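Asker: Attaching a single structure in structure tokens format; questions to follow.
The values are calculated or read from the model by the stated rules, or taken from the named source; none is laboratory data. Quick caveat, the model's predicted, so the values are computed rather than measured. Here the Cβ is made from the backbone with ideal geometry for all residues, glycine too, and neighbour counts use every protein chain on show. All accessible areas refer to the heavy atoms of the entire protein, side chains included, with ligands and DNA or RNA removed. Shrake-Rupley method; radii C 1.70, N 1.55, O 1.52, S 1.80 Å.
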Amino acid sequence: MPSGVRMLAEFAAMVLLHDAYFYWAHRLMHTKWLFRRVHRLHHKSRTPTPWAAYAFAPPEAILEAGILPVTALLLPLHEVTVILFVTHMIVRNVIGHAGVELFPSWWLRAPLLQWITTTTHHDLHHSHGGYNFGLYFTWWDRWMKTEHPEYPSRFMAVTRSTCPLKIPAKEKSNE
Ligand SMILES: [Zn+2]
Ligand SMILES: [Zn+2]
């Protein structure tokens with residue numbers, strides 16, 4: 001396989017694996033015992049800012065970093081793939097904790113893009129800890145019925161209030 005294609009395939013596999021790893025590790029961290037000892041520090045940010053993205057207690061940092069040895073054991077990884085993966089992880093984490101919605105209002109209506117988590121998705125996790133455990137994608141929360149029931153309406157509310165110029169013309173006429 002050409003190295004570029006191979007690296008993209010490795011990157012996609014790493015992201016999918018990390019998303020599953022994070023969802024289940026995150027649900028585990030929300031059990032009472034682990035929450036108090038491992039995850040509570042991260043949830044001190046009730047209204048997150050980008051600084052919260054990597055604000056973890058040391059035990060959580062170890063758990064979060066565990067994805068790298070796990071993927072290295074399961075996949076043959078090129079070093080550039082690992083750099084791509086870590087860069088993507090930081091960018092997505094900062095977006096999730098941005099404090100303002102960065103995605104456009106039509107995002108949740110796009111057939112494929114709606115599966116990608118938004119800032120509102122993770123923000124709702126910080127304000128309502130029992131929902132939205134996912135990292136990169138929304139599918140685990142949908143399959144496990146842990147997606148916040150008001151996620152679509154909250155997303156529409158914030159995108160319309162912060163970016164009114166981005167409302168599609170046909171929807172403007174309904175308001
Ligand atoms: Zn967070
Ligand atoms: Zn959490």
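Asker: For LEU34, are the conditions met, namely being part of a helix (DSSP H, G or I), within 16 Å of ligand 2 (Cβ to nearest atom) and crowded, with 16+ Cβ neighbours inside 10 Å?
Answerer: On the way: part of a helix (DSSP H, G or I): yes; within 16 Å of ligand 2 (Cβ to nearest atom): yes; crowded, with 16+ Cβ neighbours inside 10 Å: yes.
Yes: the conditions hold for LEU34.
Asker: Quick one: would you say LEU63 is open to solvent by 40 Å² or more (accessible area, probe 1.4 Å), more than 13 Å from ligand 1 (Cβ to nearest atom) and in a helix (DSSP H, G or I)?
Answerer: Working: open to solvent by 40 Å² or more (accessible area, probe 1.4 Å): yes; more than 13 Å from ligand 1 (Cβ to nearest atom): yes; in a helix (DSSP H, G or I): yes.
Yes, satisfied.
Asker: Checking PHE85 against (1) of a type in the set (Phe, Trp, Tyr); (2) open to solvent by less than 60 Å² (accessible area, probe 1.4 Å); (3) assigned to a loop (DSSP other than H, G, I, E, B), which single condition isn't satisfied?
Answerer: (3)
Asker: Just checking, which of ARG46, ARG27, ARG6 is open to solvent by 50 Å² or more (accessible area, probe 1.4 Å), in contact (Cβ under 8 Å) with a residue 24 or more places away in the chain and not in a helix (DSSP H, G or I)? First the steps, then the outcome.
Answerer: Values: ARG27 fails: not in a helix (DSSP H, G or I); ARG6 fails: not in a helix (DSSP H, G or I).
That would be ARG46, the only listed residue that is open to solvent by 50 Å² or more (accessible area, probe 1.4 Å), in contact (Cβ under 8 Å) with a residue 24 or more places away in the chain and not in a helix (DSSP H, G or I).
Table: residues versus (1) within 16 Å of ligand 1 (Cβ to nearest atom); (2) within 18 Å of LEU28 (Cα to Cα).
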{"site": "LEU112", "(1), (2)": "no, no"}
{"site": "THR117", "(1), (2)": "yes, no"}
{"site": "GLY130", "(1), (2)": "yes, yes"}
{"site": "PHE133", "(1), (2)": "yes, yes"}
{"site": "TYR136", "(1), (2)": "yes, yes"}
{"site": "ARG142", "(1), (2)": "no, yes"}
{"site": "THR146", "(1), (2)": "yes, yes"}
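Asker: May I pose another question? Can we say PHE22 is open to solvent by less than 70 Å² (accessible area, probe 1.4 Å), away from ligand 1 (no atom under 16 Å from the Cβ) and among the aromatic types (Phe, Trp, Tyr)? If you could, list the steps in order and put the result at the bottom.
Answerer: Values: open to solvent by less than 70 Å² (accessible area, probe 1.4 Å): yes; away from ligand 1 (no atom under 16 Å from the Cβ): no; among the aromatic types (Phe, Trp, Tyr): yes.
No, not satisfied.
Asker: I'd like the residue in segment 88-97 that is in contact with a helix residue (DSSP H, G or I) (Cβ under 8 Å, 6 or more places away or on another chain) and surrounded by fewer than 20 Cβ atoms within 10 Å (Cβ to Cβ) and, out of all such residues, is nearest to ARG160 (Cα to Cα). Before you say what the answer is, go through the steps one by one.
Answerer: Kept after step one, since they are in contact with a helix residue (DSSP H, G or I) (Cβ under 8 Å, 6 or more places away or on another chain), are these residues of segment 88-97: 88-89, 94-97.
Adding the requirement that they be surrounded by fewer than 20 Cβ atoms within 10 Å (Cβ to Cβ) leaves 88, 94-95.
Values: HIS88: 27, VAL94: 22, ILE95: 18 Å.
Step by step, filter segment 88-97, then rank; the result is ILE95.
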